[in-house]
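Notes follow once the structure below has been shown.
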Amino acid sequence: MELVFATNNQHKLKEVQFLLGDKIKLLSLKDIGCSEEIPEDYETLKENASQKARYIYDRYKMNCFADDTGLEIDALNGEPGVYSARYAGEPCTFDDNNKKVLEKLQGIKNRKACFKTVISLILDGKEYFFEGQVDGEILTEKTGKDGFGYDPVFKPVECDLSFAEMSMEEKNKISHRARATKKLVGFLLK
Ligand code: IMP
């Protein structure tokens, strides 16, 4: 079975393909020849995931799914949340975003945070949602070199390493996206 994953993020593609195994072959946006910027206009992860998946389904008529992820930090009232990709402004790098988070949390004791992922799957025109969350804390400095996004500043409760210090396999045991993806896989392969 082939399924479009509405992303070109190689980290996400690898993480998710690993969990899907060889029964489902992922196609990226590049694979289907989509080079447009897909809009993300909403204020919730669910609506944004849905918008991305519908955009692809409506234009390409291919079964597909899209994810949207946000990092929610307690002491910042849930920021950066749905604005995680462009927290430091547009355009910005992962490094800019991490710097902004570390600066905003300087001297603050409550470092609690969580990652949330919502996946929207559109299969033969019908939409299904899958969610995953991992709780943890924001470190006081960047730690580790792997992964992407906020991985170097996030340490999940289950482990003493940051996401950026873990192998993809270790991150995939507990991450927000892995938890949502495992529900997707269970649904697709049932
Ligand atoms: P997206 O809209 O799902 O791509 O996620 C928004 C932003 O959240 C990304 O640009 C990354 O900065 C961050 N993000 C998403 N997933 C992860 C992850 O697994 N680890 C660290 N940061 C992530």
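The values are calculated or read from the model by the stated rules, or taken from the named source; none is laboratory data. Here the structure is a predicted model, which means the values were calculated and not measured. Ideal geometry is used to build each Cβ from the backbone, glycine not excepted, and the neighbour counts take in all protein chains shown. When the accessible area is computed, the model is the full protein with side chains, heavy atoms only, and any ligands, DNA or RNA have been set aside. Shrake-Rupley method; radii C 1.70, N 1.55, O 1.52, S 1.80 Å.
See the values below:
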read-out	value
Output for region 1-15, where each listed residue is aliphatic (A, V, I, L, M) and at pLDDT 95 or above	L3, V4, A6, L13
Near pairs, Cβ below 6 angstrom, 6+ apart or cross-chain, from region 126-141 (assigned to a strand (DSSP E or B)) to any residue that is modelled with pLDDT of 95 or more and open to solvent by 80 Å² or more (accessible area, probe 1.4 Å)	F130/K183; D135/V157; G136/V157; E137/K112
Pair list, Cβ < 6 Å and 6+ apart or interchain, from region 25-47 residues that are surrounded by fewer than 14 Cβ atoms within 10 Å (Cβ to Cβ) to residues that are modelled with pLDDT under 95	K25/E2; K30/N8
All positions within region 79-88 that are open to solvent by less than 30 Å² (accessible area, probe 1.4 Å), outside any strand (DSSP E or B) and either without any contact (Cβ under 8 Å) to a residue 60 or more places away in the chain or over 14 Å from Y42 (Cα atoms) (or both)	V82, Y87
Scan of region 95-116 for residues that are farther than 13 Å from P152 by Cβ and of a type in the set (V, I, T), ordered by number	I108
Selection within region 105-115 - under 22 Å from the mean Cα position of the chain (by Cα) and open to solvent by 70 Å² or more (accessible area, probe 1.4 Å)	K112
Residue list for region 145-186, restricted to those being more than 15 Å from the chain's Cα centre (by Cα), in a helix (DSSP H, G or I) and more than 22 Å from V101 (Cα to Cα)	E169, E170, V185, G186
Check on G70, closer than 24 Å to L13 by Cβ and either in contact with a helix residue (DSSP H, G or I) (Cβ under 9 Å, 6 or more places away or on another chain) or at pLDDT 95 or above (or both)	yes
Subset of region 152-190 that is open to solvent by 20 Å² or more (accessible area, probe 1.4 Å) and small (G, A, S) - its residue that is farthest from K12 (Cα to Cα)	G186
First in region 52-71 and part of a strand (DSSP E or B), second anywhere and basic (K, R), Cβ under 6 Å, 6 or more apart	A66/K52; G70/K116
In region 4-35, residue farthest from the ligand (Cβ to nearest atom) [restricted to those that are of a type in the set (A, V, I, L, M), in contact with a helix residue (DSSP H, G or I) (Cβ under 8 Å, 6 or more places away or on another chain) and within 18 Å of V185 (Cβ to Cβ)]	I24
